[in-house]
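In what follows, a structure is listed as structure tokens, so that the remarks can point back to it.
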Amino acid sequence: MAVRVDRRRVEAARLRCARGVVAVAVAVAITSLMPPGVAYGASPDASAQAGQEARDRLAEEFSAVLSLREAPDSMCLSVTLDGDPIFESRSGTAFTPASLMKVATAAAAFEVMRPDEVFTTEVFARTEDLESVTDGVLKGDVYLVGQGDPVLSTPRYVNRYGVPVAHTDITSLADQVMAALRARGIRRIEGRVVGDESWYPDKERDYSGQVLAGQTDPVWKRSFVTANHSGPPSALLLNSGFSRYSGSVSGAGLRQSVRAAVPAQHAASVFDDFLEARRMVITRVPVAGVAPVPGERTMLGAVDSPPLSEIVARMLTRSDNTIAEMILKEIGRRGGGSDRASAAAGVHAVLRDKLGPAANGLLIADGSGLSYSNRLTCGAVAGLLVEAGPGSPLVEGLAVAGETGTLKNCHPVRSASGHGQLLTVKGKTGTLDHVTALAGTAVAASGETITFAMIVNKPAVILLGTCNRLRRTLLNAAANYTYGPAPTGIPVHAGDHAALVALFDGTGGDGWFNAWGWKTAAPLGRWHGVSTNSEGRVIGIDLSGPFGNGLTGSIPEEVGELSELARLDLSGNDLTGSLPARITVLPRLTDLQLSGTGVCLPRSLQSAGSIITGWLGAGLRTCASSVDPPAEARFVDMTGGTHAEALQALAERGILDGTECRAEHICPDQAIERRTVAVWLVRAVDGVDPPAAVGTGFADVDGDGWWAPYIERLAALGITKGCHVEPLRYCPDGPVTRSQMASFLVRSFGLGPAPPAGFSDTGGSTHKDAIDRLYAAGVTVGCGTDPLRYCPDQPVTREQMATFIARALDLA
């Protein structure tokens with residue numbers, strides 16, 4: 001008992017100290033937000049004091065978890081209000097997080113993939129086989145090609161959940177393929193259904209045989225595999241990789257399931273059954289294999305998954321381990337590789353970029369949290385949720401306490417002194433034999449956002465149950481925050497409100513990734529990405545991100561009515577058109593960030609002053625004579641946007657010929673493969689196609705592949721040295737990172753030496769010199785500002801590569 005009493009005294013002392021610091025900050029903040037006499041007649045000092053008292057009470061109610069009999073010393077807690085810490089206990093100490101790891105996996109996923117991105121599963125046949133069909137017989141194989149869809153399912157498998165869950169119905173793909181075959185008069189296939197899982201070439205099925213450096217225990221316990229806590233990851237995964245399964249989705253039901261030994265063959269076998277059920281005759285047994293290269297095949301059908309945001313929501317709400325491991329592999333594929341070690345390193349790199357020093361001590365061993373080797377801090381988990389914010393795909397994907405997922409049976413309870421309706425609490429649980437964890441958020445009526453994270457490591461803590469007192473204490477503390485300060489009486493400026501509504505309506509607001517608060521009665525400062533001054537005037541708009549916030553179209557003129565606007569950051573959004581002239585003369589606008597967009601400055605405004613010159617130097621380009629998108633796009637999925645001009649320019653010069661992902665599709669958001677980079681660069685540099693190659697110097701380049709001569713020519717030009725030596729390999733199917741792309745372009749176009757660009761994240765990179773040269777040549781402006789970042793480990797998409805090449809050729 002002595003240890004417990006001492007710990008409470010230490011925490012109480014820390015809390016008193018923290019109150020003193022926070023009190024000053026909150027008093028200043030509230031005073032700056034609230035002009036005299038507007039908050040229900042209260043004075044600013046009285047309002048500040050009331051707000052601080054509410055924060056103190058909230059901190060005490062959360063910190064009560066440390067005094068519970070079940071609370072060990074080996075735990076951490078972090079609580080913030082509007083991102084400001086109000087209570088911390090060992091928040092920087094790393095613990096085993098269990099399924100809180102899924103929060104980190106989701107956060108990393110949204111850094112390298114768009115929330116609306118989908119996974120596509122396709123079916124092909126050899127073109128020559130289709131062209132030689134006689135008497136309704138296709139003599140050849142049909143190829144089912146997976147691209148990492150983690151929720152590809154049969155209706156029977158999905159219906160077990162009893163509630164709607166995000167999934168991709170494979171039977172719709174079977175319907176498409178049957179329609180395509182019948183249209184060609186095919187009634188019989190003298191061949192096989194071949195399942196292709198080469199999208200993830202590593203073929204790791206579990207991690208029970210892997211051990212991290214310096215450790216002795218395997219990454220996964222073998223019992224986790226035999227109990228089917230996760231299916232066997234594969235690029236072609238059907239029904240989570242289970243060839244047989246029970247009617248229950250509980251843990252007991254999982255233990256009765258049977259893992260597919262070869263997931264691609266299992267998927268091919270089920271697809272074969274669906275085709276035969278539709279009266280197609282198939283003569284040979286399904287197998288796993290590899291589909292022909294794009295130039296030798298014809299598509300028979302394709303099915304897209306739900307958007308990534310919905311898949312992540314299923315992962316978080318239901319704590320789905322298989323989805324988490326599949327997403328980890330996709331993160332890795334777009335970086336250093338889809339194997340566990342490379343993918344985990346990729347996630348760690350993303351977290352380091354997002355969290356800075358708060359990422360110290362983190363260890364990423366898997367994507368789901370099954371590994372006891374994982375280490376996260378409460379501060380890091382809370383920080384990821386704070387950065388995402390209410391309305392984000394990450395936070396919206398969490399389970400709702402008392403309603404959904406792993407928190408469905410854990411209802412917050414009103415406190416004895418509580419009043420008003422309990423707040424909705426969203427959260428993510430984490431459970432292993434020796435771990436119980438919970439992190440989540442709640443939004444008060446005032447618009448204040450509570451964020452908390454707790455990790456407890458204690459032997460046999462699982463025996464406390466899924467809705468234990470530790471978790472209930474946190475849920476109740478958050479849900480009962482109905483005593484906070486009433487919404488302030490800051491007036492809403494009608495003109496600013498109208499300008500923001502015009503921005504929302506004019507840039508596809510209904511499709512934004514996060515539109516929290518927009519077009520509601522909430523104060524403008526509570527709208528996502530909007531900051532206001534003490535008079536309620538809009539002074540900043542930040543709707544940027546790796547992929548922006550989903551804004552499309554052009555910036556409306558009304559934004560030029562925000563007369564107090566000092567900062568406008570729309571970087572990364574798929575915006576086009578010219579910058580409205582009224583924005584360029586806003587008197588306080590000094591920080592304008594539009595990198596990664598298609599927005600340009602009208603030529604007539606080039607000489608408008610030093611501010612304009614600074615904006616041009618920060619990535620805003622001068623408009624061409626016409627900013628209209630091409631009248632007739634070469635590809636059906638090239639529908640305008642930031643990179644459409646570059647894609648069209650390269651397509652018109654024949655640079656893209658033969659590299660389509662499927663008929664009339666260029667797949668602009670898809671990570672570009674190294675073989676495709678070779679084709680594009682050789683055509684851009686030489687202006688002609690290379691002669692046929694006699695053999696190849698790379699062990700992994702098929703000499704019969706149509707793209708092999710381009711890789712050989714790229715090597716002959718000194719642009720590539722391959723991806724590996726002994727044996728020499730090129731990794732033709734691998735992605736290209738932004739840092740690798742820099743070296744490719746510098747060597748291709750002979751870009752000269754340049755001074756350091758000042759990127760904060762390129763130190764130590766072997767490609768740093770090339771990145772600096774690329775920046776000096778105006779080919780890149782980086783991926784973010786404040787600080788200036790390049791994101792060297794992010795994979796390059798096809799549309800981004802087109803823009804980089806077009807800029808180097810002075811075509812865009």
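For residues in segment 138-174 being at pLDDT 95 or above and aromatic (Phe, Trp, Tyr), which is farthest from ARG314 (Cα to Cα)?
TYR143
If we scan segment 365-375, do we find a residue that is open to solvent by less than 30 Å² (accessible area, probe 1.4 Å) and among the hydrophobic types (A, V, I, L, M, F, W, C)?
Within segment 365-375 (the criterion being open to solvent by less than 30 Å² (accessible area, probe 1.4 Å) and among the hydrophobic types (A, V, I, L, M, F, W, C)), the answer is yes, since at least one residue qualifies.
Can you tell me which residue within segment 685-711, out of those that are among the small types (Gly, Ala, Ser) and part of a loop (DSSP other than H, G, I, E, B), is most open to solvent (accessible area, probe 1.4 Å)?
ALA692
Considering each of THR780, THR803 in turn, give the residue that is within 21 Å of SER544 (Cα to Cα), in contact with a helix residue (DSSP H, G or I) (Cβ under 7 Å, 6 or more places away or on another chain) and part of a helix (DSSP H, G or I).
Going through THR780, THR803 in turn, just one is within 21 Å of SER544 (Cα to Cα), in contact with a helix residue (DSSP H, G or I) (Cβ under 7 Å, 6 or more places away or on another chain) and part of a helix (DSSP H, G or I): THR803.
Would you confirm, using the coordinates I've provided, whether LEU788 is free of Cβ contacts under 8 Å to residues at least 40 places away in the same chain and over 22 Å from the mean Cα position of the chain (by Cα)?
In short, no.
Need pairs with beta-carbon distance below 6 Å; first residue on the phi > 0 side of the Ramachandran plot and within segment 728-745, second modelled with pLDDT of 90 or more and in a helix (DSSP H, G or I); sequence gap 6+ or separate chains.
Listed pairs, sorted by first residue: CYS731/ARG674.
Can you tell me which residues in segment 548-596 are of a type in the set (S, T, N, Q), within 30 Å of MET113 (Cβ to Cβ) and free of Cβ contacts under 8 Å to residues at least 40 places away in the same chain?
Once the filter is applied, which keeps residues that are of a type in the set (S, T, N, Q), within 30 Å of MET113 (Cβ to Cβ) and free of Cβ contacts under 8 Å to residues at least 40 places away in the same chain, segment 548-596 yields only ASN549.
Looking at VAL194, VAL219, can you tell me which residue is modelled with pLDDT of 95 or more and more than 23 Å from VAL270 (Cβ to Cβ)?
Of the residues listed, the single one that is modelled with pLDDT of 95 or more and more than 23 Å from VAL270 (Cβ to Cβ) is VAL219.
For segment 424-463, which strands (runs of 3 or more DSSP E) that fit wholly inside it have 1 or more residues that are within 18 Å of GLU88 (Cα to Cα), touching a Cys at 6+ places or on another chain (Cβ under 7 Å) and at pLDDT 95 or above?
Hits in segment 424-463: 449-457.
Filter segment 82-126 down to the residues that are under 27 Å from ARG318 (Cα atoms), of a type in the set (S, T, N, Q) and in contact with an Asp or Glu (Cβ under 8 Å, 6 or more places away or on another chain), then identify the one that is least open to solvent (accessible area, probe 1.4 Å).
My answer is THR121.
Can you list residue pairs whose Cβ atoms sit under 8 Å apart, with the first residue in segment 530-547 being more than 26 Å from ALA109 (Cβ to Cβ) and the second being hydroxyl-bearing (Ser, Thr, Tyr) and assigned to a strand (DSSP E or B)? Count only pairs 6 or more apart in sequence or on different chains.
Listed pairs, sorted by first residue: VAL538/SER531; VAL538/THR532; ILE539/SER531; ILE539/THR532; GLY540/SER531.
So, of the residues in segment 219-272 that are among the hydroxyl-bearing types (Ser, Thr, Tyr) and open to solvent by less than 30 Å² (accessible area, probe 1.4 Å), which turns out to be nearest to GLY369 (Cα to Cα)?
This residue is SER230.
Can you tell me how many residues within segment 467-524 are open to solvent by 40 Å² or more (accessible area, probe 1.4 Å), assigned to a loop (DSSP other than H, G, I, E, B) and in contact with a Pro (Cβ under 8 Å, 6 or more places away or on another chain)?
So the answer is 5.
Can you go through TYR161, TYR207 and tell me which one is among the aromatic types (Phe, Trp, Tyr), touching a residue at least 60 places away in the same chain (Cβ under 8 Å), part of a loop (DSSP other than H, G, I, E, B) and out of contact with any Lys or Arg (no Cβ under 7 Å at 6 or more places or on another chain)?
Going through TYR161, TYR207 in turn, the sole match is TYR161.
Inside segment 528-544, can you point out the residues that are within 22 Å of GLY784 (Cβ to Cβ) and not in a strand (DSSP E or B)?
Those that are within 22 Å of GLY784 (Cβ to Cβ) and not in a strand (DSSP E or B): HIS528, GLY529, LEU543, SER544.
I'm told SER172 meets every condition in (1) over 25 Å from ILE311 (Cβ atoms); (2) open to solvent by 10 Å² or more (accessible area, probe 1.4 Å) except one. Can you identify the failing condition by its number?
Every listed condition holds for SER172 apart from (1).
Listed here are the residues, each with its yes/no results for (1) in contact with a helix residue (DSSP H, G or I) (Cβ under 7 Å, 6 or more places away or on another chain); (2) on the phi < 0 side of the Ramachandran plot.
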{"residue": "ILE539", "(1), (2)": "no, yes"}
{"residue": "LEU543", "(1), (2)": "no, yes"}
{"residue": "GLY553", "(1), (2)": "yes, no"}
{"residue": "LEU562", "(1), (2)": "yes, yes"}
{"residue": "ALA566", "(1), (2)": "no, yes"}
{"residue": "ALA581", "(1), (2)": "yes, yes"}
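Give me the residue from segment 768-795 that is surrounded by 23 or more Cβ atoms within 10 Å (Cβ to Cβ) and among the β-branched types (Val, Ile, Thr) and, out of that set, nearest to ASP669 (Cα to Cα).
If we take residues in segment 768-795 being surrounded by 23 or more Cβ atoms within 10 Å (Cβ to Cβ) and among the β-branched types (Val, Ile, Thr), then THR780 is nearest to ASP669 (Cα to Cα).
Every residue in segment 326-356 that is touching a residue at least 60 places away in the same chain (Cβ under 8 Å) and of a type in the set (S, T, N, Q), please.
Hit for segment 326-356 is SER338, nothing else.
Taking the condition among the hydrophobic types (A, V, I, L, M, F, W, C), buried (at least 19 other Cβ atoms within 10 Å of the Cβ) and either modelled with pLDDT under 90 or on the phi > 0 side of the Ramachandran plot (or both), does VAL599 pass?
yes
Please go through segment 82-133 and pick out each residue that is within 25 Å of GLU197 (Cβ to Cβ), over 21 Å from the mean Cα position of the chain (by Cα), in a helix (DSSP H, G or I) and not polar (S, T, N, Q).
Listed by number, the residues that qualify are GLU128, ASP129, LEU130.
From the list VAL381, VAL347, which one is more than 11 Å from PRO97 (Cα to Cα), β-branched (Val, Ile, Thr) and open to solvent by less than 40 Å² (accessible area, probe 1.4 Å)?
VAL347
Residue by residue through segment 532-551, note down the ones that are within 30 Å of GLN794 (Cα to Cα), open to solvent by 50 Å² or more (accessible area, probe 1.4 Å) and modelled with pLDDT under 95.
Residue satisfying the conditions is PRO546 alone.
Taking segment 195-218, which residues are over 21 Å from GLY336 (Cβ atoms), in contact with a helix residue (DSSP H, G or I) (Cβ under 6 Å, 6 or more places away or on another chain) and buried (at least 17 other Cβ atoms within 10 Å of the Cβ)?
Listed by number, the list holds a single entry, GLY195.
Looking only at segment 136-149, count how many residues are out of contact with any Gly (no Cβ under 9 Å at 6 or more places or on another chain) and not in a strand (DSSP E or B).
3
Please state which of the following conditions ALA179 fails to meet, knowing it meets all the rest: (1) among the hydrophobic types (A, V, I, L, M, F, W, C); (2) outside any helix (DSSP H, G or I); (3) over 30 Å from ARG314 (Cα atoms); (4) open to solvent by 50 Å² or more (accessible area, probe 1.4 Å).
So ALA179 meets the others, but not (2).
Per-residue answers, yes or no, for (1) in contact (Cβ under 8 Å) with a residue 40 or more places away in the chain; (2) in contact with a Phe, Trp or Tyr (Cβ under 7 Å, 6 or more places away or on another chain); (3) hydrophobic (A, V, I, L, M, F, W, C):
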residue: ARG472; (1), (2), (3): yes, no, no
residue: ALA502; (1), (2), (3): yes, no, yes
residue: GLY506; (1), (2), (3): yes, no, no
residue: HIS528; (1), (2), (3): yes, yes, no
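In segment 658-706, which residue that is modelled with pLDDT of 85 or more and basic (Lys, Arg) is nearest to the chain's Cα centre (by Cα)?
The residue in question is ARG674.
The values are calculated or read from the model by the stated rules, or taken from the named source; none is laboratory data. Here the structure is a predicted model, which means the values were calculated and not measured. A quick note on method: Cβ atoms are made from the backbone with ideal geometry, for glycine too, and the neighbour counts reach across all protein chains shown. The area values use the complete protein model at the heavy-atom level, side chains included, leaving out ligands, DNA and RNA. Shrake-Rupley method; radii C 1.70, N 1.55, O 1.52, S 1.80 Å.
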